[in-house]
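**Q** The structure that follows is given in the form of structure tokens.
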Amino acid sequence: MELGPLNNTKNAIMVTLFACTGQGKNHYTLASIDRQIELLSDKHKIDVGRRWVFQCLRDLIDAGYINRKSRYKKSTEGQSRRRSSMLVFTIKGLQYLSARMVEGSRRALNAVLRYVTGDDKRWPQLPDLVNQLDEPVDNELLGWLKQTIVGIADKRKL
């Protein structure tokens, strides 16, 4: 699904989520929906409800700008308990922010590209940076993706 140009709310949500990552120090955020609504109101003067924020996040995920990373924690009895999920920026999402001159987004994009090309071994992992696919990815497609990302990284070094 391609969104085309983002409306003001979705654009503000992208910028707000990026600000919650520490201006690109992390590739993910744990900001709650209530905190996002508060920041949208304070910083962007946009007043929206929880349902609209969830819908905008769903649209951004479907368009490939962000992903959700599920998290679990084991209790002392050994039972798994679900925790709030992380919102992770994809390469496409960071390119979107970088094209709009959001401060720190180019640095974050370069860090992600360094990770994907093998220069950096920290989290996030490759499946978190590309769109989640329902069907398994074959090795030929994954090799093509890595070559494409290396090509983008080489062009950025020029």
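**Q** What number of residues within segment 30-58 are touching a Cys at 6+ places or on another chain (Cβ under 9 Å) and either in contact (Cβ under 8 Å) with a residue 40 or more places away in the chain or exposed (fewer than 13 other Cβ atoms within 10 Å of the Cβ) (or both)?
**A** Within segment 30-58, residues that are touching a Cys at 6+ places or on another chain (Cβ under 9 Å) and either in contact (Cβ under 8 Å) with a residue 40 or more places away in the chain or exposed (fewer than 13 other Cβ atoms within 10 Å of the Cβ) (or both) number 2.
**Q** All but one of (1) under 12 Å from the mean Cα position of the chain (by Cα); (2) at pLDDT 85 or above hold for Asn131, so report the exception by its number.
**A** Asn131 satisfies all of (1) under 12 Å from the mean Cα position of the chain (by Cα); (2) at pLDDT 85 or above except (2).
**Q** Being under 15 Å from Lys92 (Cα atoms) and not in a helix (DSSP H, G or I) is the filter here, so list the residues in segment 33-67 that pass it.
**A** Gly64, Tyr65, Ile66, Asn67
**Q** Sticking with this one: Which residues, counting only those in segment 59-84, are at pLDDT 80 or above and surrounded by 10 or more Cβ atoms within 10 Å (Cβ to Cβ)?
**A** Hits for segment 59-84 are Asp59, Leu60, Ile61, Asp62, Ala63, Gly64, Tyr65, Ile66, Asn67, Arg68, Lys69.
Here is a yes/no grid of residues against (1) modelled with pLDDT of 75 or more; (2) over 25 Å from Ala12 (Cα atoms); (3) surrounded by 11 or more Cβ atoms within 10 Å (Cβ to Cβ):
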site	(1), (2), (3)
Thr90	yes, no, yes
Leu94	yes, no, yes
Leu97	yes, no, yes
Ser105	yes, no, yes
Asn110	yes, no, yes
Arg114	yes, yes, yes
Ile152	no, yes, yes
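**Q** From the residues in segment 8-32 that are touching a strand residue (DSSP E or B) at 6+ places or on another chain (Cβ under 6 Å) and not in a loop (DSSP other than H, G, I, E, B), which one is modelled with the highest pLDDT?
**A** Among those that are touching a strand residue (DSSP E or B) at 6+ places or on another chain (Cβ under 6 Å) and not in a loop (DSSP other than H, G, I, E, B), it is Leu17.
**Q** Right, next: Applying the selection to segment 68-84, what residues are in contact (Cβ under 8 Å) with a residue 12 or more places away in the chain and farther than 17 Å from Thr16 by Cβ?
**A** The answer is Lys69, Ser70, Arg71, Arg82, Arg83.
**Q** Here's something else I'd like to know. So, Leu60, is that one within 28 Å of Leu113 (Cβ to Cβ), hydrophobic (A, V, I, L, M, F, W, C) and under 11 Å from the mean Cα position of the chain (by Cα) or not?
**A** Taking the combined requirement at face value, the residue satisfies it.
The values are calculated or read from the model by the stated rules, or taken from the named source; none is laboratory data. This structure is a prediction, so every number in the text was calculated from the model and none was measured. Note: ideal-geometry Cβ built from the backbone for every residue, glycine included; neighbour counts use all protein chains shown.
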